Amino acid sequence: MVYLRWRRFIEMASLDRPWLGDLMEKRKGEAFRAAPVERWDQEYRDGVYDRLHRSDQRHHHRLLAAMIADRWPSPRVLEIGAGEGVFFEALRNHRPARYVGVDFSEPAVATGQERLSAEIASGQVQMLLGDGRTFSTDETFDVVVFSECIEHLGQVEPLIDHYRSMLAPGGAVGLTMWLSLKPLRLWRTLKAMGQVHDEAVVNTPWGGGWLVATVGVTD
């Protein structure tokens, strides 16, 4: 418990003091690498992510959904690394005009298509199989969401550059990430690429912590 409290103190302090995060981070300078699809497929089949459906695991989703809806009423949202579309459960109450979820795990997308079949039938929702590093569409969106996945998609600069063309004027990136030192290094890079609209930290009773933010990356 003492270690966990110390670690959280360091993580929180490094949000405003990047030098502290650089000092304390293990394996400094290690590149961000995309995880293989086989890993995610097996974990979805094994039910590893079933816990994400529980309300006490989705505080950060509800906050990000509220941030998006406050700035973009009836938003059009593209979610990369959508898994089974769990984030849509938080977004649904804000009546999004459009939601497209993309994931490269076939078991996850199949489950999402089943769970959201009514919204898919109405045309409000699509769940698509695709690689988050290279997915492309002619549609434009108000927000591209990366929920607990951006650190698995390689270098952040070319990733955000790729998705800019799919954002409407005034569009943004929506983000949730586990609060730890390595992802915070990525967060500092993303902050430098645009204008931070919202930034918050969500701490849970069971000890979890997430960074939740929206960043404007278009003119």
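Values in this text are rule-based calculations from the coordinates and carry no lab data. What you see is a predicted model; the values in this text were computed from it and never measured. All Cβ positions, glycine included, derive from the backbone under ideal geometry; neighbour counts span all protein chains shown.
Computed values, structure above
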{"item": "Sorted by Cβ density within 10 Å, fewest first, the residues Met127, Met193", "result": "Met193, Met127"}
{"item": "Cβ-based exposure ranking for Ile160, Ile150, in which fewest neighbours within 10 Å come first", "result": "Ile160, Ile150"}
{"item": "Relative exposure of Asp161, Asp138, judged by other C-beta atoms within 10 Å (fewest first)", "result": "Asp138, Asp161"}
{"item": "Contour minus Cα-Cα distance for Asp50 and Arg133 (0.36 nm per residue)", "result": "27.4 nm"}
